[in-house]
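The values are calculated or read from the model by the stated rules, or taken from the named source; none is laboratory data. The model shown is predicted, which means the values in this text are computed figures rather than measured ones. Note that each Cβ is placed from the backbone with ideal geometry, even for glycine, and that neighbours are counted across all protein chains shown. For the accessible areas, the whole protein counts, side chains as well, though only heavy atoms, and no ligand, DNA or RNA atoms are used. Shrake-Rupley method; radii C 1.70, N 1.55, O 1.52, S 1.80 Å.
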Amino acid sequence: MKKHTPLLEKLFAKDYQLIDGTDEIFELDLALWEYEALSKKELIDRSAYLKSVDGKETTHFRTCNLQNLEEVHKNSSFRTKVFFLDGKYSTGYATHSLFPYRGKFHPQLIRALLNILDIKPGHTVLDPMAGSSTVAVEANLLGIDAISVDLSPFCELMGKVKTFALNLDMNILESIVANPKEILEKLKKDRAPEYFKNNKDDKKRSYYEIVLLAFLDTVGFAGRSNSSIDKLFPRVLERYISTIKYFQEARQKMDLKIGRSKIIQGSVMKLPIDDNSIDAIITSPPYSFAIDYLKNDQPQLEYLGHNLEVLRQEMIGLQGRGVENKLEIYFNKMDQALGEMKRVSKKNAPVVIIIGTNDIQTNGVRLETKVIELGEKQGLKFELNLKKPIRGLQNTMKEESILFFTNQK
Ligand SMILES: C[S@@+](CC[C@H](N)C(=O)[O-])C[C@H]1O[C@@H](n2cnc3c(N)ncnc32)[C@H](O)[C@@H]1O
């Protein structure tokens, strides 16, 4: 047999170990990019894909291990348990698992992007179509400040909870949730929206929002299963509290300095943000009309008292009739969105857009090709397209593109 050196040994020096499950080509690509861009110390402190350097375990690896996900998911369904334990280092850590938002980023990918783009504490990163605020959580974990904007008020709630829960007082949270039955009765009587409208300055408001998110998670969960809200809520709430508790313990042990977040309900086409103020943008727009985000979150939005039809007018990907007309409106809105990203970001700031195409829905029109064209037209210089596969039997979309631009001003 001819002598063969395994690929990983060719790519990484002997004392650099990858985290288990780093097995996609795009992940190896990003791991290699981190490895080439960061110093040894930086890799230990910040790397997304390395497990250890010279025998010293990385912060990410240690934090995930400290989070005790086995205990957090002891009452979860078998499917959920396997999903989070398998994705321990890529999806299930910190506060990312608090609400299973559809189409959310792999947090580990965002961590790697922040490293590669050289975004550090002192910088501000923006996601102007933030969904569940994966970018903000990941940035905050690295001590970086973040701004999330999303049109959906439910996304605003998710973002607030997930970022607030990174750094809170566990004693206050535990005293608030001491009686889940009583909370459930209050929430079922629809008093929550009223309370949140009338108590904008309540110091405990952010703690109540955690309970509200757990309740809204339960509402969705009960709709998909044949169990009742009464039965499910205490279990979901317990999972939320233990997720946060174990993360708080890990944060203190690891002495993580958490960045600040601003979570805003607003439109990417009219960002409430100053010109030239943002150091980097990482975002993922709706993939044309692949997912109706309002319909998905209808029970939650209605409970919170929002009019879906008003939101629908401004939501990217939800207007028009027939493929051609829908795509025309979609690209029009994306053009405005890219113009706003250009306006708010600093000269030479990186802008990363992650987008996939469902050929069957778009009659073969490739969204990434058009987004590159629109970005260049707006003055964002296109640099690179890294392809990322989408797994899963039911997905008709097979691939996403990670598009890298720089703002030329
Ligand atoms: C692909 S999802 C983003 C998911 C996100 N990356 C995450 O990790 O959760 C796209 C998001 O764009 C938001 N969106 C659609 N139209 C918008 C608009 N005009 N302004 C701001 N956000 C918008 C949707 O509400 C949805 O949350």
- prompt: among the charged types (D, E, K, R), more than 25 Å from Val236 (Cβ to Cβ) and more than 16 Å from the ligand (Cβ to nearest atom): does that describe Asp86?
  reply: no
- prompt: If you scan the stretch 328-360, which residues turn out to be open to solvent by 10 Å² or more (accessible area, probe 1.4 Å), among the hydrophobic types (A, V, I, L, M, F, W, C) and within 16 Å of the ligand (Cβ to nearest atom)?
  reply: Ile329, Phe331
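Answer yes or no as to whether Arg251 is out of contact with any Asp or Glu (no Cβ under 9 Å at 6 or more places or on another chain) and either open to solvent by 20 Å² or more (accessible area, probe 1.4 Å) or among the polar types (S, T, N, Q) (or both).
Numbers: out of contact with any Asp or Glu (no Cβ under 9 Å at 6 or more places or on another chain): yes; either open to solvent by 20 Å² or more (accessible area, probe 1.4 Å) or among the polar types (S, T, N, Q) (or both): yes.
So Arg251 passes the test.
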query: Considering the stretch 308-326 alone, what residues qualify as being touching a helix residue (DSSP H, G or I) at 6+ places or on another chain (Cβ under 9 Å) and not in a helix (DSSP H, G or I)?
result: Met315, Ile316, Gly317, Leu318, Gln319, Gly320
query: What pairs can you find where one residue is in the stretch 278-305 and open to solvent by less than 10 Å² (accessible area, probe 1.4 Å) and within 12 Å of the ligand (Cβ to nearest atom), the other is in a loop (DSSP other than H, G, I, E, B) and of a type outside the set (Asp, Glu), and their Cβ atoms are less than 6 Å apart, with a gap of 6+ or different chains?
result: Thr283/Pro128; Thr283/Met129; Pro285/Met129; Pro285/Ile316; Ser288/Gly317
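Restricting attention to the stretch 101-124, does a residue exist that is among the polar types (S, T, N, Q), outside any helix (DSSP H, G or I) and under 10 Å from the mean Cα position of the chain (by Cα)? Give the derivation first.
Within the stretch 101-124, the first condition is being among the polar types (S, T, N, Q), and the residues that meet it are 108, 115, 124.
Still in the list and also outside any helix (DSSP H, G or I): 124.
The next check asks that each one be under 10 Å from the mean Cα position of the chain (by Cα); those that pass are none.
Scanning the stretch 101-124 turns up no residue that is among the polar types (S, T, N, Q), outside any helix (DSSP H, G or I) and under 10 Å from the mean Cα position of the chain (by Cα).
So that you can scan it fast, the table gives a plain yes or no per residue for (1) open to solvent by less than 50 Å² (accessible area, probe 1.4 Å); (2) in contact with a Lys or Arg (Cβ under 8 Å, 6 or more places away or on another chain); (3) of a type in the set (D, E, K, R):
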residue: Pro6; (1), (2), (3): no, no, no
residue: Ile25; (1), (2), (3): no, no, no
residue: Ala31; (1), (2), (3): yes, no, no
residue: Glu36; (1), (2), (3): no, no, yes
residue: Asp45; (1), (2), (3): no, no, yes
statement: Only unsatisfied item for Ile183, checking (1) open to solvent by less than 10 Å² (accessible area, probe 1.4 Å); (2) more than 9 Å from the ligand (Cβ to nearest atom), is (1)
message: Looking at Arg239 and the list (1) over 18 Å from Glu302 (Cβ atoms); (2) at pLDDT below 90, which single condition is not satisfied?
response: (2)
message: Any residue that is within 30 Å of Val268 (Cβ to Cβ) and in a loop (DSSP other than H, G, I, E, B) - is there at least one of those in the stretch 177-199?
response: yes
- prompt: Just one of the numbered conditions (1) in contact (Cβ under 8 Å) with a residue 12 or more places away in the chain; (2) open to solvent by 60 Å² or more (accessible area, probe 1.4 Å); (3) closer than 21 Å to Gly92 by Cα is not true of Leu18; which one?
  reply: (2)
query: Out of curiosity, is Phe105 at pLDDT below 85 and in contact with a Ser or Thr (Cβ under 7 Å, 6 or more places away or on another chain)?
result: no
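A quick yes/no check of all residues on (1) crowded, with 23+ Cβ neighbours inside 10 Å; (2) over 29 Å from Met315 (Cβ atoms); (3) more than 14 Å from the ligand (Cβ to nearest atom):
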site	(1), (2), (3)
Thr91	no, no, no
Lys104	no, no, no
Ile110	yes, no, no
Ser132	yes, no, no
Val149	yes, no, no
Val177	no, yes, yes
query: Are any residues in the stretch 56-89 open to solvent by less than 70 Å² (accessible area, probe 1.4 Å) and either of a type in the set (Phe, Trp, Tyr) or not in a helix (DSSP H, G or I) (or both), and if so, which ones?
result: Thr58, Phe61, Gln67, Asn68, His73, Ser76, Ser77, Phe84, Gly87, Lys88, Tyr89
message: Given the criterion open to solvent by 40 Å² or more (accessible area, probe 1.4 Å) and acidic (Asp, Glu), identify the matching residue among Glu209, Glu194.
response: Glu194
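Does Gly143 satisfy being small (Gly, Ala, Ser), more than 13 Å from the ligand (Cβ to nearest atom), farther than 25 Å from Glu70 by Cβ and surrounded by fewer than 24 Cβ atoms within 10 Å (Cβ to Cβ)?
On the way: small (Gly, Ala, Ser): yes; more than 13 Å from the ligand (Cβ to nearest atom): yes; farther than 25 Å from Glu70 by Cβ: yes; surrounded by fewer than 24 Cβ atoms within 10 Å (Cβ to Cβ): yes.
Spelling it out, Gly143 is indeed small (Gly, Ala, Ser), more than 13 Å from the ligand (Cβ to nearest atom), farther than 25 Å from Glu70 by Cβ and surrounded by fewer than 24 Cβ atoms within 10 Å (Cβ to Cβ).
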query: When you go through (1) open to solvent by 20 Å² or more (accessible area, probe 1.4 Å); (2) within 23 Å of Ile278 (Cα to Cα); (3) without any contact (Cβ under 8 Å) to a residue 60 or more places away in the chain one by one for Leu403, which number turns out not to apply?
result: (1)
